[in-house]
1. Filter segment 10-55 down to the residues that are closer than 24 Å to K68 by Cα and among the charged types (D, E, K, R), then identify the one that is modelled with the lowest pLDDT.
2. Output the residues belonging to segment 1-34 that are under 16 Å from C48 (Cα atoms), among the polar types (S, T, N, Q) and over 14 Å from the mean Cα position of the chain (by Cα).
3. Give segment 1-30 a look and list any residue that's touching a Leu at 6+ places or on another chain (Cβ under 8 Å), farther than 15 Å from P46 by Cβ and in a helix (DSSP H, G or I), or say none.
Amino acid sequence: MAIHMNISEYNLKAESLRLSCQCGWEGKANEANGELHEAVMNFECPKCDKMLLIINLITDAQKYFDWKESKK
């Protein structure tokens, strides 16, 4: 199961955060395959593509929903 954290928690741990996968791959988060989406960023195992880490990029839900509404 993927690790979940918010962006501020990730920023504090980014340099030392190590990920591991059931397939045997281990490494730093920045060595995994990262994808950036509107509200989250995720990292997948570079060996088997299993989701390892999901980061919530939203720090203020109301600001996010206001921004989302303004884009309509």
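The values are calculated or read from the model by the stated rules, or taken from the named source; none is laboratory data. Remember, it's a predicted structure, so these values are computed and weren't measured experimentally. Cβ coordinates were reconstructed from backbone atoms using ideal geometry, including for glycine residues, and neighbour counts include every protein chain displayed.
1. In this case the residue turns out to be E38.
2. S20, Q22
3. I7, Y10
Per-residue answers, yes or no, for (1) hydrophobic (A, V, I, L, M, F, W, C); (2) in contact (Cβ under 8 Å) with a residue 12 or more places away in the chain; (3) touching a strand residue (DSSP E or B) at 6+ places or on another chain (Cβ under 7 Å):
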residue	(1), (2), (3)
K13	no, no, no
C21	yes, yes, yes
E35	no, no, yes
V40	yes, yes, yes
L52	yes, yes, yes
K68	no, no, no
